[in-house]
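The values are calculated or read from the model by the stated rules, or taken from the named source; none is laboratory data. Remember, it's a predicted structure, so these values are computed and weren't measured experimentally. Neighbour counts run over all protein chains shown; Cβ positions are idealised from the backbone, glycine included. Ligands, DNA and RNA are stripped out before the accessible areas are found, and what is left, the full protein with its side chains, is counted by its heavy atoms. Shrake-Rupley method; radii C 1.70, N 1.55, O 1.52, S 1.80 Å.
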Amino acid sequence: MEPPLLDENEQNLFANPAADPRKMRRIIAEDPEWSLATVPRLIDICVKHIVNNFAENPLLDELKPKHKDKVLEALATDLPLKITAPLVSDEGYWKRCCKSRWSVCDTDQYGDSWKRMFFERNMEDLIENFVPESTELSEITETLELSKDFIKRLRIRQLLPQIKDVSSGLPQEDEVSDQGSDTGTDDSLDHFDFGLIINKLPNLAELSITYGVRNCGMNFEWSLFEFTQKDCSLLAKAVKSCTHLQILRLQRCQIEDEKARLIISHLLDHPGLRVLDLSHNRIGDKTGRAVGKLLSVNKILEES
């Protein structure tokens, strides 16, 4: 006699007894988010809490080294500098900060220090995008106070001029006073005043500046690349007061003989300058004679 035929559901029950709800034990959790996943360790919960609340309650030095490393690995790279600058010295954290902002990062140019790279490039970005009388200076001054001990070199590749006031027009020649002719009165073309920051950088050894605008495209105007008389006067005074400066580069700035001689005259008694680079400017014999005088009085000058 042939055995009775079983339907598909009965065959599944014979093949897998656990599929029979009558024989399977079930746990119905009161918490809808309950799962069989492993409960996280208490130390992991604490680390996560410290990371999530680091901006309001920065806690780092009080931790054990192994826990401190976990916090640094998880910290966000966009935390305010007023919190991370004095507290975080870990190069791994500053490496993540650099790579999150810039695609090309080479620490060989920054003494193999990621923290120095971040603060120097961050300050360069602030200066390069500063528009006189339009951008708030407070951001630069606040960042400067946090960055001053780490900045040894600034390479400014562009400087934005003031925005022209078309309605007011440019001043007439007869309106320019004798005093104004020394410092410049055409404020619409003046740039960032380095005298505001240069004396607040105790470790600054190299300063490289290009007065001009990068990637201006169809908005090109020669005025965007003008090194005004006021720019020249302010920069000369700032460099003279920065006695620890060793290298000064002013390349592609449209500097003429008169302005070059003014800068050099402020460097005659500079105690630390070793390199002065005025290449790719509109200078001639008069500047050459001024450089000769500088070489005769500055015995430590290596290159000019």
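Given R0 = 51 Å, the distance between the Cβ atoms of Asp69 and Glu258 translates into a calculated FRET efficiency of 0.30. Looking at region 194-294, the trypsin sites (Lys or Arg not before Pro) that sit in a DSSP loop and have at most 13 other Cβ atoms within 10 Å of their own Cβ are Arg214. With K and R counted +1 and D and E -1, the other residues having a Cβ less than 9 Å from that of Glu120 yield a net charge of +4.
By the rule of a C-alpha distance below 17 Å, with chain neighbours fewer than 8 residues away ignored, the lysines paired with Lys115 are Lys82, Lys95, Lys99, Lys148, Lys152. On full extension, the segment bounded by Asp31 and Val275 gains 80.7 nm, given 0.36 nm per residue less the C-alpha separation. With a 1.4 Å probe rolled over the protein heavy atoms of all chains, the accessible area of Phe225, Phe130 falls in the order Phe225, Phe130, largest first. Fully extending the segment from Arg41 to Ser89, taken as 0.36 nm per residue of separation minus the present Cα-Cα distance, adds 14.5 nm.
Listed by chain and number, the lysines whose alpha-carbon sits under 29 Å from that of Lys286, ignoring those within fewer than 8 places in the same chain, are Lys230, Lys237, Lys240, Lys259, Lys299.
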